[in-house]
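Enquirer: Below is one structure. I have some questions about it.
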Amino acid sequence: MASETFIVKSKVADFIRGKDMMMSSDAYDALNEEVEKVIKRAVERCAQGGRKTVKPFDF
């Protein structure tokens, strides 16, 4: 489980409902973990480039 919350559950739920679908409650944790991984990879790429500002291309 991610140490912080990076997603807004209500916004995710609204988006998915708008696609006429539903999301199980445990799927939010999985999505949050994926978002955390993406952010960590971007931070690592930024650091490898000798920068302190994460830019769009780091993602």
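Enquirer: Conditions: (1) farther than 26 Å from PRO56 by Cα; (2) in contact with a helix residue (DSSP H, G or I) (Cβ under 9 Å, 6 or more places away or on another chain). THR5 meets all but one. Number of the miss?
Expert: (1)
Enquirer: When the residues of the range 22-40 are narrowed to those that are of a type in the set (Ser, Thr, Tyr) and assigned to a helix (DSSP H, G or I), which ends up surrounded by the most Cβ atoms within 10 Å (Cβ to Cβ)?
Expert: So the residue we want is TYR28.
Enquirer: Taking only the range 41-58 into account, find how many residues are of a type outside the set (Ser, Thr, Tyr) and surrounded by fewer than 11 Cβ atoms within 10 Å (Cβ to Cβ). So that I can check it myself, show each step before the final result.
Expert: If we filter the range 41-58 for residues that are of a type outside the set (Ser, Thr, Tyr), which is where we start, we get 41-52, 54-58.
Pick out the ones that are also surrounded by fewer than 11 Cβ atoms within 10 Å (Cβ to Cβ) and you get 48, 50, 52, 56-57.
Of the residues in that region, 5 qualify.
Enquirer: Hey, another quick one. Name the residues in the range 1-21 that are small (Gly, Ala, Ser) and assigned to a helix (DSSP H, G or I), would you? First the steps, then the outcome.
Expert: Taking the range 1-21 first, the residues small (Gly, Ala, Ser) are 2-3, 10, 13, 18.
Within the range 1-21, SER10, ALA13, GLY18 meet the criteria.
Each value in this text was obtained by applying a stated rule to the coordinates, not by laboratory testing. Computed from a predicted structure; not experimentally measured. Every residue, glycine among them, receives a Cβ derived from its backbone with ideal geometry; neighbour counts consider all protein chains shown.
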